[in-house]
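Comments concern the structure below.
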Amino acid sequence: MITYDRYNWRSIVCSLRGSAVSRASGRILLMTLFAIGVQSIHEVETTWLGINPSAFFGLEPVQHAVLGSLLGFLLVFRMNASNSRYWEGRSHWGQIINASRNLARAGIEHSEPQQGAELADLVAGYAISLRRSLHGEIDALETEPFLPEAVRREIAHFGNPPTAVAAAISEWIAQRQRAGQVDSQMVRHLEDQLSKLVDAQGGCEKIQKTPLPFVYVVMIKQLIVVYLLTLPIAVGDHCGWWSPVLMAIVAAGLFGIEEASVEIEDPFGKEDNCLDLETYSLGIIRDTGQLAARRLRRLAKLHEQKPAIAAV
């Protein structure tokens, strides 16, 4: 994800990083060359051969605008659908962050310090596993500092690593209940927070594994090509050699909007405009670790105060 100053208009306009037009530059150049070729034919027919090109250039701009209106409607639908998926993905990760904090906060406070640190590590390992899974990396890498070796071996046998870590967290809760450290009400609360993590995980996987229907995607791409191929025919007689310039501008707009929609359709990728899952997972690691360290500091301070109270 690219962070930027929304009020700095000049830097945004002049920025090339993250621009979808840069990835569509080949198609834009191809369409511009096509417009140059069509305009060259028009000039040869009118200037050198004296032929009236109305038979070839008979498409009126107003008639051509009808196709443009339809295309604009479809592009708006495409962009809105992709943006909805992007925002839904961000909402799911917001739920993951909140549930991770609540799960770690309650679990650490109602367990022994060492066991609370284990829960913090499990929650951090879950965030890392989920982030790597959404990036298409089905392994236990990056989790060595957080997950026990037994859990990491179990991940190797799971098709979905975050599910294995969620099972380990649920086992941790059951162990605390059997040890009498938490009552049934606290168990329900911890399991509810864990269920929110798993629900958000399922929502992310739904977005990633369910692309937009192919019929919409192919129709938009085909109409863009038809519109651009007929554009020099509609405006060549009116705009002259400005028609290739117009083609380049219109092609940049259409290809850029369509390419931007494709990029944010899957918000969990590694492109510049995708969600910054690394920052989100690092935030979970920081917060859970600080919660565990806070409990240890409180207990250490309490032990220091006991001798002073006994002496009095």
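The values are calculated or read from the model by the stated rules, or taken from the named source; none is laboratory data. These figures come from a predicted structure and were not determined experimentally. Reconstructed Cβ throughout: ideal geometry from the backbone, glycine too, with neighbour counts over all protein chains shown.
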Problem set entry | Test result for VAL225, modelled with pLDDT of 85 or more and of a type outside the set (Lys, Arg) | yes
For this session: Exactly one condition in (1) hydroxyl-bearing (Ser, Thr, Tyr); (2) part of a helix (DSSP H, G or I); (3) within 25 Å of ARG101 (Cβ to Cβ) is not met by TYR227; state its number.
Result: (3)
Exercise. Between a first residue in region 19-44 that is on the phi < 0 side of the Ramachandran plot and a second residue that is in a helix (DSSP H, G or I) and acidic (Asp, Glu), which pairs have beta carbons less than 7 Å apart while being 6 or more apart in sequence or on different chains?
Worked result: ALA20/GLU259; ALA20/GLU263; ARG23/GLU259; ALA24/GLU259; HIS42/ASP237
Exercise. What number of residues within region 201-247 are in contact (Cβ under 8 Å) with a residue 24 or more places away in the chain and closer than 27 Å to ILE128 by Cα?
Worked result: 7
For this session: Would you point out the residue of region 98-139, among those that are free of Cβ contacts under 8 Å to residues at least 12 places away in the same chain and assigned to a loop (DSSP other than H, G, I, E, B), that is farthest from CYS204 (Cα to Cα)?
Result: GLU137
Problem set entry | Selected residue (criterion: nearest to ARG295 (Cα to Cα)) from residues of region 83-140 that are β-branched (Val, Ile, Thr) and in contact with a Phe, Trp or Tyr (Cβ under 9 Å, 6 or more places away or on another chain) | VAL123
Problem set entry | GLU142 being on the phi > 0 side of the Ramachandran plot and part of a loop (DSSP other than H, G, I, E, B) | yes
Exercise. Restricting the search to region 117-130, which residues are buried (at least 24 other Cβ atoms within 10 Å of the Cβ) and among the small types (Gly, Ala, Ser)?
Worked result: ALA120, ALA124, GLY125, ALA127, SER129
Problem set entry | Scan of region 158-177 for residues that are within 22 Å of ARG105 (Cβ to Cβ) and either in contact with a strand residue (DSSP E or B) (Cβ under 6 Å, 6 or more places away or on another chain) or not small (Gly, Ala, Ser) (or both), ordered by number | PRO162, VAL165, ILE169, GLU171, TRP172, ILE173, GLN175, ARG176, GLN177
Exercise. What's the number of the condition PRO162 fails, among (1) over 17 Å from PHE268 (Cβ atoms); (2) not in a loop (DSSP other than H, G, I, E, B)?
Worked result: (1)
